Structures are given as C-alpha cells and as structure tokens.
Amino acid sequence: MSAASAIYFVEGVLLVAIQEDISDTDILDLQEALSERVVADAARAVVMDISALEIVDTFVGRILAQLAGVSKLLDAQTYVVGMRPAVAMTLVELGMDLSESKTALSLTHALRDLRA
Amino acid sequence: MTETATETVLTILQHDFEEIVSAWITTQSDEGVQRTDLFSHKEGREQTSGLMRALISGIENGATGDRFDLSSDAWAELRSVLVEVTQERSSRGVTPSDMASFVLALKAPIFYRLKDKLADFPSQLVEEIWFISRVIDAFAVYCAEVFIAERDRIIEQQRDQMQELSTPVVELWDKVLTLPLIGTMDSARAQEVMENLLETILRREAEVVIVDLTGVQTVDTQVAQHMLRMAAAVRLMGAQCIISGISPTIAQTMVQLGVDVGEVTTRSTIRNGLADALDRVGYAIVKKKDH
C-alpha cells in the first residue's frame with residue numbers, strides 16, 4: 001500500500017485523498033485496501049477526495065466506478081468529492097457518470113451530508 | 001544615382017514644409033476627404049504635419065530610391081505615426097478609401113514642386129517622382145492594412161463579448177446559480193457554456209444550478225444531449241442541476257426523439273425551479289401576511 005493514498009477512519013467514515021501523481025498500480029492497491037477496510041472498520045461511507053486529480057483516463061474512471069460498486073455491496077455509500085471541471089467534462093465525454101457514487105463539492109459538504 | 005533620387009524631394013519637403021502641409025490640406029478639401037465633420041482643422045493640420053515630419057525623418061534615415069522598404073527601421077517613426085493617425089481616424093468613422101485619398105493627396109503638392117525645380121532635368125524628375133510616388137503608395141497600402149487589423153480586432157472583441165453575454169452564469173442566491181440559455185445552441189457554444197458553468201460552480205461553491213431554457217426556441221437531439229451531459233458534469237462536481245422552462249413543444253420533441261432525462265430534475269418554469277432550488281439549500285420564500 002503506497003503512502004500516496006493513506007486511508008483515515010473518522011466518524012465511521014473512511015477518508016481517502018487521492019494524490020495527483022497516483023499510478024495505476026497504486027490505485028489498484030487502494031481499491032483492494034479500501035474494500036478490506038470497509039469490512040474491517042464496518043464503515044458506513046467512503047469519501048474519496050479527488051481534488052488533486054487534474055486529468056483522468058478511462059482506467060481511473062473505471063476504478064472509481066468499481067470502488068463505488070464494491071462499497072455498495074459492502075453496505076457503505078461512496079462519495080466522490082472535489083472533482084475539477086475539466087475532470088467532470090472528461091468523465092462525461094467518456095460516458096462515465098459514476099451513478100453509484102454520491103458527489104459533493106468538498107469533503108466538508110460530504111461530511112455535512114453524512115451527519116444529516 | 002541613389003543620392004539624387006531623394007535629394008530634391010528632401011530639400012523640397014524641408015524648405016517648403018508649411019506650404020506643402022497647406023497644399024496637402026487644400027487638396028484634401030478639394031477632393032472632399034478632409035472630413036471636417038469628424039475632425040477640426042487644427043487636428044487635421046497637426047496630423048498632417050506629424051506625417052510630414054515623420055516622412056522627412058524617414059528619408060533622412062537612409063531611404064534610397066532603389067531600395068525602398070517601408071518595413072525597414074528607417075521608417076519606424078512614420079509607421080507609428082501612420083498607425084496612430086489611422087486608428088484615430090477609423091475610430092471616428094473615417095472610411096478606408098477616405099484615408100487612402102488623404103494620404104495620396106500628398107502627391108500633387110510634391111509633384112508640382114518637383115516639376116518646377118527639375119524642369120531642366122527630365123530624367124531626374126522622373127526618378128524622384130517615381131521614388132516619392134512609391135513611398136506614398138506604400139503609405140496608403142499600409143494605412144489599409146492598419147485599418148483591416150483594427151477592424152479585425154474590433155470584430156474579435158465583439159465576438160468575445162457576445163459569447164460572454166450569451167452565456168451569463170448568475171448567482172441568484174447563496175449557493176444557487178442560474179444559467180438562462182438564449183437562442184440556438186451548437187456544440188461549440190454548449191462546450192463553452194459548460195466550461196463556464198463548471199468553473200463558476202467551483203468558484204462560488206454553488207450547490208444548485210438552474211439551467212433555464214425559456215429563451216430556447218427549438219431543441220434537437222444534439223442540444224438535448226448537451227443539456228444532459230451538462231447536468232451529468234454538474235452532478236459529478238457535487239452540485240445538483242435543475243432544468244427549467246421547458247416549453248410544451250420542446251417537451252414533446254424530446255419525448256418524440258426518445259431523449260431520456262434520467263434523474264435530472266425538470267421544472268416547468270424558472271419560478272418553480274427557483275422555489276425547488278431554495279428549498280434544497282434550506283431557504284423558503286414566504287408571503288407577507290398583510291398583502
């Protein structure tokens with residue numbers, strides 16, 4: 001598990017900040033680690049902050065979507081937060097709407113939604 | 001030969017400076033290109049003298065009859081004066097042809113003086129006329145270029161302004177943006193609108209966006225797809241999208257085209273859209289009791 005994406009467990013929620021220079025292997029490792037942590041910590045939600053990502057490709061987009069699918073099966077809601085305009089446009093162009101995830105402007109917004 | 005090709009012209013320009021300026025102005029008014037309706041006599045005279053001085057300095061700075069090049073350093077001053085005068089005149093509505101006539105009107109006074117001075121040297125007369133004629137022609141062409149460049153710049157500027165005006169993202173309330181769309185949407189515009197909207201969401205931390213279609217007359221599949229893509233991108237950013245102002249015609253078209261709006265919220269009027277948006281961010285519009 002690379003230090004590029006440390007997972008924090010706060011208020012029953014797993015927080016991950018995806019780093020700008022995350023590699024394909026890192027993100028695969030992250031997917032595996034997160035899946036295990038959701039069960040181990042009995043997390044009710046996973047919040048992924050992707051505000052550092054300036055570009056996404058289909059691979060990253062697919063992993064983000066898979067993570068949401070996996071979490072859902074494990075009874076945790078996924079939030080994708082802080083997506084940049086360029087990234088949003090790219091994902092839409094690629095036809096990936098991350099419909100399994102919730103989205104929020106920032107970590108704060110996601111936590112507010114979760115506490116409600 | 002290169003010496004003599006400019007010698008007399010230069011002498012004439014220097015010695016008869018004021019007379020030539022006056023004659024130049026007279027020629028302009030004779031030809032009806034002086035445009036005193038747009039310029040005072042004083043301004044016209046100042047510009048004319050300025051051009052003359054720059055012309056003299058250009059010739060002094062090494063212009064020669066057989067190697068004339070307006071883009072060389074020797075003519076830098078004249079070019080800048082020409083640009084200044086042309087921009088000044090074009091901004092007041094002088095036409096390009098008037099501007100060209102204005103420059104070309106300088107020929108007559110110089111030619112007449114050359115003829116007087118060089119009456120006994122026909123070959124030198126031809127030489128000098130040929131030289132100064134080419135110089136003045138080049139000015140006229142240069143003025144036209146400046147004119148076109150200026151006009152291009154204005155067109156560019158207006159296009160930018162129009163694009164900005166046609167896609168205004170307005171902050172209606174805390175966290176609530178609206179994007180009233182007007183006219184026809186094509187792919188390029190849709191892209192621009194989307195970029196603009198997403199950037200504003202980021203900047204204003206908006207949570208709800210109302211895309212209002214009241215001003216849109218017709219919708220085709222492409223435009224409908226753009227709308228939905230825009231809504232999807234807004235959702236990915238973490239905000240919510242409400243599409244309002246869908247006319248009955250557009251609604252019918254969209255159903256006939258088989259466009260599935262999916263989970264996007266639609267409201268009939270911007271009024272309903274606003275009420276919904278305010279509700280989502282925790283506000284309500286309440287009627288005062290005594291009204």
- Query: Is segment B:213-224 home to any residue that is crowded, with 19+ Cβ neighbours inside 10 Å, out of contact with any Asp or Glu (no Cβ under 6 Å at 6 or more places or on another chain), in contact (Cβ under 8 Å) with a residue 12 or more places away in the chain and within 14 Å of another protein chain (Cβ to nearest Cβ)?
  - Reply: no
- Looking at (1) under 23 Å from residue B:271 (Cα atoms); (2) free of Cβ contacts under 8 Å to residues at least 40 places away in the same chain; (3) at the interface with chain A (Cβ under 9 Å from one of its Cβ atoms), which is the one condition that is false for residue B:195? (1)
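Take the residues in segment B:199-212 that are in a helix (DSSP H, G or I) and open to solvent by 20 Å² or more (accessible area, probe 1.4 Å), then tell me which one is nearest to residue B:253 (Cα to Cα).
B:199
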- Task: Output the residues belonging to segment B:225-263 that are touching a residue at least 40 places away in the same chain (Cβ under 8 Å), within 16 Å of residue A:91 (Cβ to Cβ) and surrounded by fewer than 23 Cβ atoms within 10 Å (Cβ to Cβ).
- Result: B:226
- Going through (1) modelled with pLDDT under 85; (2) more than 14 Å from chain A (Cβ to nearest Cβ) one by one, residue B:263 fails only at (2)
- Task: Would you be able to say whether some residue in segment A:44-59 is within 14 Å of chain B (Cβ to nearest Cβ), part of a loop (DSSP other than H, G, I, E, B) and either acidic (Asp, Glu) or closer than 20 Å to residue B:208 by Cα (or both)?
- Result: yes
- Message: With the requirement that a residue be among the hydrophobic types (A, V, I, L, M, F, W, C), in a helix (DSSP H, G or I) and within 19 Å of residue B:173 (Cβ to Cβ), what does segment B:239-291 give you?
- Response: B:270, B:274, B:275, B:277, B:278
- Contact list, first residue from segment A:88-115 and open to solvent by less than 50 Å² (accessible area, probe 1.4 Å), second anywhere and among the basic types (Lys, Arg), beta-carbon distance below 6 Å, six or more apart or interchain, is A:92/B:229; A:103/B:235
- Would you call residue A:49 at pLDDT 90 or above, charged (D, E, K, R), closer than 21 Å to residue B:240 by Cβ and in contact with a strand residue (DSSP E or B) (Cβ under 8 Å, 6 or more places away or on another chain)? yes
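The values are calculated or read from the model by the stated rules, or taken from the named source; none is laboratory data. If you're wondering where the values come from, they're calculated on a predicted model, not measured in any experiment. All Cβ positions, even for glycine, are placed from backbone atoms using ideal geometry, and neighbour counts span all protein chains on display. Side chains are part of the model used for accessible areas, which takes the heavy atoms of the whole protein and leaves out ligands, DNA and RNA. Shrake-Rupley method; radii C 1.70, N 1.55, O 1.52, S 1.80 Å.
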